[in-house]
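The values are calculated or read from the model by the stated rules, or taken from the named source; none is laboratory data. Quick caveat, the model's predicted, so the values are computed rather than measured. When we count neighbours, we look across all protein chains shown, and the Cβ atoms used for this are built from the backbone with ideal geometry, even at glycine. Side chains are part of the model used for accessible areas, which takes the heavy atoms of the whole protein and leaves out ligands, DNA and RNA. Shrake-Rupley method; radii C 1.70, N 1.55, O 1.52, S 1.80 Å.
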Amino acid sequence: MKRQSVTTIIAGGLLLGCLAASIGVSQKVDAARGDVMLQDVLYIPSPNTIKRLSLGYNGLLADVYWTRAVQYFGTKHHEHSLNYKLLSPLLDITTTLDPHLIVAYEFGSIFLSQRPPEGAGDPQAAVRLVQRGIRENPKAWRLWYHLGFIYWQELHDSKTASECFQRGSEVPGALPWMKVMAAALAQNAGEAETAQYLWTNILNSTTDPDIRANAERRLIALRADQEVTILQEYVNRFEQTKGHAPENWFEMIQAGMLRSIPVDPVGYPYQLVNGRVQVAKPDLLPFITKGLPPGNESNVLPKMP
Amino acid sequence: MIGRLWAIAYSTFREAVRDRVLYNLIVFALLIVGAALLVGQISIGIERLVLVNLGLTSISLFGIVIAIFIGIGLVSKEIEKRTLYTVLAARPVRRWEFIIGKFLGLVGTLTVNAFFMSAGFFAALLYLTHRFQRADADLLVAIYFILLQFVLITSLALFFSTFSSPLLSAVFAFSLFVIGTFADDMRGFAKLTEGGTKWVMTGMSYLVPNFSSLNVISQVAHSVPVPGHLVLLNTLYVLAYAVAVNCAAVLVFEKRNLK
Amino acid sequence: MTALVQTRKFHAQVISRAGQKAHLAGMKVGTIAYNHDELTMPAIETFALAKHYNIGFWRKRRKDALKSLTLTVEEGEVFGYLGPNGAGKTTTLRLLMGLVYPSAGSARILGKALDDPAMKAQIGFLPEQPYFYDHLTPKELLTYYAQLSGVPGKDRARKVDASLARVGMSESAGIQMRKFSKGMLQRVGIAQAIVHDPKLIFLDEPMSGLDPVGRREVRDLIQSLHEEGKTIFFSTHILSDAETVCDRVAVLNKGELRGVGVVADLVSEVSGQVEFVWTGAAATAEIAALGGKTHEASETFRTILTQEATDRAIDAIRGAGGKLISVTPVRATLEDYFLSKLGAGDRDSQNMQEVTR
């Protein structure tokens, strides 16, 4: 009996020790390998080959690649990387393995098209992906919406965008606001309102956490843009009446033009530099187009002539 | 102790050889020769790639299948056939020695098997490319990682064999192999979850054997070298994991009534 | 009686609950002469050794495979462990061999704990219906076992050959065992139990699966091992085997020890009956008048009568014209002892009678 319990104690101790060690080393291995996990994307770039290699378990494998795509984007985004070159192949493989995984097309439409570090900055790849999604899922009217969105927001092609919304609104089951969007874009309605409307719809129509977070930041940026526009108008009016630009917000409060110091949506007071309204932390508002300090570039592509 | 471990290990090896387990080498030889002849004729520029992928994948898969099919019976078959009685009952053999001896014996068998396969593979590679290149040294690393895979899967099959029927053990061991192949993705998935699920998933993803980091076949097929510290870390990982699983097997077996 | 016991170099000491109840034939527990000069370490000691299993999947019921066994086997004796199938013989052996763990109680072999490797090197074990790696030849198997038992390399081949010769397997030593019959496996099993020259040998049903010649050979082998001074503990349900080779026997039924006795004492008992054998005339009527029954086999007649009827029976046979061949007092057999210990009327013991006859 005694001998047996000695064995039990030694084996039990070794078991716990080695298990802990294996977990520790495993984490080191993961760190040492980095992107190696995505090696088959690099070595078997053909989605169809992977589909054949999946031996019929493509649904499961699609989920695996979907996880990898999200993981890849999440990690890169966290690092503020400017390079997302594997995102497109990963989403291609995912949607080839499971052509009906709508969320993958939606994810791709946003994060392939947005400019780095908020996406891969490849709107053409996004357009190809979503077009394929529409071919595979003719009933998914929302994909038309995403396609229109890319054309309007990233490619600044309101005409094509309007057509996309129109086509989508003709799909049975499409919500009526698709028609509203088509009309609004056709008439070149106020850009900010349209954008707000679009992003609110995206926010309310998806559960994907990455897409939601992105939409929220977009909406915040739109609010900041609106606020900057209004504040700048006030500043300009102050300058017109007083003959000089306000040094700070207190001057404007004294003049009765503001009630308090204006604060941006991420919680920092707006800055007033030489009569120009700026945001304090442009990094926290990656999608704003207005109020950027000099040297900072807008993330949204400049409007095409 | 060393003598007894050696005796049990050698007897395990001899049983595998007598059961004609190494016949798979013939199938492998035919496969690799056929592949070498075929790809030499039809593929331009990617002969080496195809041959390396096919050869190393076969070495790995043949070994995994053998490891599972022998491993699952190592203990349960001996209990069922009562061959264990004459080994453990009236001999100065401790139960843990029996487990470890069996483990070493099967790993040895798989190593010999892999050695012959690798020899055939390199011969085919030489036939195809006419001379070895610098990058071929990385193929040895890939084969070494395949051996590490064998160590993992053998320890798992043996562990299940100590308390479960061969069929169930095979199912368990094979499932863990498949899950372990996607250990990376499990970790990725765990990161996407929240709260309790995240905790459970992360724990599980580190408990399953990490086969994914041991698969560098496509990497070396593209002549991308494997960093030296990864070789070291993987070795340490497999050692720790295999020792842990063997300890679990010993703990279970030590407590068992061998009816 | 006492003298008889003293002449043997062992003594019996039974303190089990069952043993205390058991009234051993003419021999009272604890009264055996104790000779200190001859005191040797007991080969096997068990104290209240018990094993129960929980059977059934849903409602676990407790099944007692062995109930509180207290038994001592001295060094140098051949000890028979008797009982019907399912009595707990194999359970006892598996407990002693450390294959299963006791639910209660303890045991020592050669004065050592059951998992002591030093002790294990000095014992041999033949399991019931042994089975071996059938891809091996007997020679390879025994070499492997000798290695495990720590037989030095230089002695190994010699000891393997010797033990194979001893069980008459020299000619088949190089054939893979997958082709072997049950009897041949039994022989290999005995060879592996003695290959490392153990001091104490456990044999579980060593004669099963053997033909009469084989049984005889195994009996002779046990005798010769005994003469070499080895202790042998063997279980059997074949009483004639036990009667010929055992010094002492224990009777076990339903997991309980029913009695322990010295074989020589048990069988020297005169039963008070006499057997008559004669030829010529059947004398059926005369014998029947004395309360006996005549059996005929190839013109030879046979009957058993009480001792008191001896004279009248002889007269009756002669009177009928029969020619008397023998008049022999009937001795008690181990079987009688065995059956009395199992308990008359017990259904199991009736099954047992069928087995023994």
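Work out the FRET efficiency for A:Leu55 and A:Ala31 from their Cβ-Cβ distance, taking R0 = 41 Å, and round it to the nearest 0.05. Present the calculation step by step, with values, prior to reporting the outcome.
Values: r = 32 Å, r/R0 = 0.77.
E(calc), rounded to 0.05, equals 0.80.
Does anything in the stretch C:95-109 have its amide N under 19 Å from the 7 Å Cα→Cβ label point of C:Ile55, and if so which residues?
Under cut-off, by backbone N: C:95, C:100-104.
A:Thr95: accessible area at probe 1.4 Å, nearest 10 Å²?
0
Determine the relative contact order of chain B: mean sequence separation of Cα pairs under 8 Å and six or more apart, normalised by residue count, in whole percent. Please report the intermediate quantities before stating the final value.
On the way: 286 pairs, mean separation 69.8, N = 259.
Rounded, it is 27 percent for chain B.
Note down the nm distance, to one decimal, between modelled labels 7 Å out along Cα→Cβ at B:Val200 and at B:Ser175.
Between B:Val200 and B:Ser175, the label points sit 1.5 nm apart.
Taking 31 Å as the cut-off for C-alpha to C-alpha distance, list the pairs among C:Lys67/C:Lys230; B:Lys102/C:Lys254; A:Lys139/A:Lys281; C:Lys60/C:Lys179; B:Lys81/C:Lys159 that go past it. All intermediate terms of the calculation are to be shown ahead of the outcome.
Details: C:Lys67/C:Lys230 28 Å; B:Lys102/C:Lys254 38 Å; A:Lys139/A:Lys281 42 Å; C:Lys60/C:Lys179 42 Å; B:Lys81/C:Lys159 26 Å.
The pairs that break the limit, which is 31 Å between Cα atoms, are B:Lys102/C:Lys254; A:Lys139/A:Lys281; C:Lys60/C:Lys179.
Would the protein assembly as shown count as rounded, prolate or oblate if I go by the C-alpha gyration tensor, calling it rounded below 1.5 in a/c and otherwise prolate when a/b exceeds b/c, oblate otherwise?
Values: a/c = 3.47, a/b = 2.87, b/c = 1.21.
Prolate shape, in that a/c is at least 1.5 and a/b is the bigger ratio.
Show me, for the stretch C:298-313, the HN-Hα J-couplings you get by feeding each phi into the Karplus relation (A = 6.51, B = -1.76, C = 1.60, θ = phi - 60°), rounded to Hz, glycine and proline as x.
My calculation for the stretch C:298-313 gives 6, 6, 10, 10, 8, 8, 10, 10, 6, 4, 5, 8, 3, 4, 5, 5 Hz in order.
How high is the relative contact order of the stretch C:2-263, in percent, counting Cα pairs under 8 Å that sit 6 or more residues apart? Don't skip to the answer; put the middle values down first.
Details: 513 pairs, mean separation 68.1, N = 262.
Contact order relative to length: 26 percent.
Add -39500 (n - 2.57) for each DSSP H run of 4 or more in chain A, then divide by its residues: what number comes out at 222 nm, to the nearest 500 deg cm²/dmol? Don't skip to the end; give the middle numbers.
Details: 13 runs with 187 residues, N = 305.
One gets -20000 deg cm²/dmol as the mean residue ellipticity at 222 nm.
Roughly what would the spin-label model give for C:Arg216 and B:Leu232, points 7 Å off Cα along C-beta, in nm?
About 7.5 nm, to one decimal.
Give the long-range amide H neighbours of C:Ala65: residues separated by 5 or more places, or on another chain, with amide H under 5 Å away, using H modelled in the peptide plane at 1.01 Å from N.
C:Lys51, C:His52, C:Tyr53
Would you compute, from DSSP H runs of 4+ residues alone, the mean residue ellipticity of chain B at 222 nm, taking -39500 (n - 2.57) per run and dividing by the full residue count, rounded to the nearest 500? Don't skip to the answer; put the middle values down first.
Details: 12 runs with 203 residues, N = 259.
Value at 222 nm, helices only, nearest 500: -26500 deg cm²/dmol.
Run through the stretch B:68-150 and list the trypsin sites (Lys or Arg not before Pro) located in a DSSP loop whose Cβ has at most 11 other Cβ atoms within 10 Å. Spell out each step's value before the answer.
Working: sites: B:Lys77, B:Lys81, B:Arg82, B:Arg94, B:Arg95, B:Lys102, B:Arg131, B:Arg134; in loops: B:Lys81, B:Arg82, B:Arg94, B:Arg131, B:Arg134.
Qualifying residues, ordered by number: B:Arg131, B:Arg134.
Kirkwood Rh over alpha-carbon pairs of the stretch C:169-299, then Stokes-Einstein at 37 °C and 0.692 mPa s: what D in µm² s⁻¹, rounded to an integer?
Details: Rh = 18.5 Å.
In µm²/s, the coefficient is 178.
Rounded to the nearest whole Å³, what is the per residue volume of the convex hull around the Cα atoms of the stretch A:38-194? List each step's numbers first, then the result.
Values: hull volume 16.6 nm³, N = 157.
Value for the stretch A:38-194: 106 Å³ per residue.
Cα to Cα, under 19 Å, and not fewer than 8 places away if on the same chain: which lysines meet these conditions relative to A:Lys159?
List returned: A:Lys179, A:Lys303.
Report the full-extension gain for the segment C:Ala113 to C:Arg331: residue separation times 0.36 nm, less the Cα-Cα distance, to one decimal in nm.
On the way: separation 218, 0.36 × 218 = 78.48 nm, distance 4.15 nm.
Between C:Ala113 and C:Arg331, full extension yields an extra 74.3 nm.
For the stretch C:2-263, what are the per-bin percents of Cα-Cα distances with bins 5 Å wide, up to the bin holding the maximum?
Binned Cα distances yield the sequence 1, 6, 12, 17, 18, 16, 13, 9, 5, 2, 1, 0.
Expected output is a single nm value to one decimal: the length gained when fully extending between A:Lys242 and A:Ile261, i.e. 0.36 nm times separation in residues minus the C-alpha distance. What is it?
4.9 nm
Between A:Asp63 and C:Ser103, take the C-beta separation as r, use R0 = 56 Å, and let me know the FRET efficiency to the nearest 0.05. Can you show the working numbers first?
Details: r = 50 Å, r/R0 = 0.90.
Efficiency for this residue pair is about 0.65.
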